[in-house]
Amino acid sequence: MRLSEREDEFMIAYQNGDEEALEKIYTLLRQPLYSFVFRYSRDEQLAIDIVQDTFVKLQRYKHDYNPRKGKLKSYLFQIAYRLMITKLNRRKKWRSLLPFLTPIQKEEFLYIERITIREAVAKLPEGQREVVLLFYYHDMLQEEIAEILGIPKGTVKSRLHMAIKRLREELEEEEYETGSK
Amino acid sequence: MRQDLNKDHHLRKRLDEYHIDIPDFPMKPNRWERFIHFLASPAKDPLDPLISTSNGLLVLKLVPIIGTTAIAFIQVLLIL
């Protein structure tokens, strides 16, 4: 049985009153949700908050999920994405009003290769970043990405194309600078 | 598109290097903990632009003195 089918089965069990099924869903989907939000925002606390809030929302509206409309993973990613964008927009507004509340970015300098790919992904425009993260790291189809982000499939395709092109350019540029090519 | 990316071994290799450590956290949010995190998160010093220049530093030293003098003067005027 495929993983996505198992997730959907757990969700149906949860909708029918099996509380343990929710724990299983959490164990399966906590990691992908966290890594998506973290790679997008590079904020550990925000990523934890969003994952927790996503599951709060899932519990509150558990009967809204319909397995015929799509996979549970896409459904949860959609909730998490919307929560994250709302929170980030609210933050932006607060920071423009009170600029001294802007936190100092903590970066983990583990080794140079990691920093480079992190920087390259972080440098992508928001629209391209979210598409490339869902496509590459979460193995999602363009239709699923379009549904999660609420944009047409054509836009997903073009953003993905632009993102890959830009990543290639960024990484090649960096290699020339460091002299590894 | 996926085939295109799969063919580009170099880019794939680089993207695969982006590992992240996932911390252990419970499913239920703790509002109090979130508030503590918010308070404890490091923030920019609002006086930083003043401290970095010599004129700014002078302003920072003079403002309390001028302020105190002004308040004292107002109080004296009110008493008289």
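The values are calculated or read from the model by the stated rules, or taken from the named source; none is laboratory data. Here the structure is a predicted model, which means the values were calculated and not measured. FYI the Cβ positions are ideal-geometry reconstructions off the backbone, even for glycines, and counts take in every protein chain you see.
Could you list, in sequence order, all residues of region A:62-78 that are within 14 Å of chain B (Cβ to nearest Cβ) and crowded, with 22+ Cβ neighbours inside 10 Å?
Residues of region A:62-78 within 14 Å of chain B (Cβ to nearest Cβ): A:62, A:76.
Of everything in region A:62-78, just one residue is within 14 Å of chain B (Cβ to nearest Cβ) and crowded, with 22+ Cβ neighbours inside 10 Å, namely A:LEU76.
A:ARG30 meets each of the listed conditions (1) of a type outside the set (A, V, I, L, M); (2) modelled with pLDDT under 90; (3) surrounded by 14 or more Cβ atoms within 10 Å (Cβ to Cβ) apart from (2). Whenever a residue of region A:14-36 is within 11 Å of chain B (Cβ to nearest Cβ) and under 24 Å from B:ASP16 (Cα atoms), its partners that are surrounded by fewer than 21 Cβ atoms within 10 Å (Cβ to Cβ) and aromatic (Phe, Trp, Tyr), lying with C-beta atoms within less than 9 angstrom and at least six residues away or across chains, give the pairs A:ARG30/B:PHE25; A:PRO32/A:TYR137; A:TYR34/B:PHE25; A:SER35/A:TYR137; A:PHE36/A:TYR137.
Go through A:GLN52, A:GLN59, A:GLN45 for me and flag whichever is touching a Phe, Trp or Tyr at 6+ places or on another chain (Cβ under 9 Å), more than 25 Å from A:GLU7 (Cα to Cα) and either within 10 Å of chain B (Cβ to nearest Cβ) or surrounded by fewer than 16 Cβ atoms within 10 Å (Cβ to Cβ) (or both).
Working: A:GLN52 fails: more than 25 Å from A:GLU7 (Cα to Cα); A:GLN59 fails: more than 25 Å from A:GLU7 (Cα to Cα).
Just a single option satisfies the conditions, and that option is A:GLN45.
Residue-level check: of (1) modelled with pLDDT of 90 or more; (2) part of a helix (DSSP H, G or I); (3) more than 14 Å from the chain's Cα centre (by Cα), A:ILE151 misses just (2). Take region A:87-116 and flag every residue that is farther than 17 Å from B:PHE38 by Cβ and either more than 8 Å from every other protein chain (Cβ to nearest Cβ) or at pLDDT below 60 (or both). A:ASN89, A:SER96, A:GLU107, A:GLU108, A:PHE109, A:LEU110, A:TYR111, A:ILE112, A:GLU113, A:ARG114, A:ILE115, listed by residue number.
Consider region B:9-55 and keep the residues that are aliphatic (A, V, I, L, M) and under 29 Å from A:LEU22 (Cα atoms). The one that is farthest from the other protein chains (Cβ to nearest Cβ) is B:ILE36.
There is no residue in region B:65-72 that is facing another protein chain (nearest Cβ under 9 Å) and out of contact with any His (no Cβ under 6 Å at 6 or more places or on another chain).
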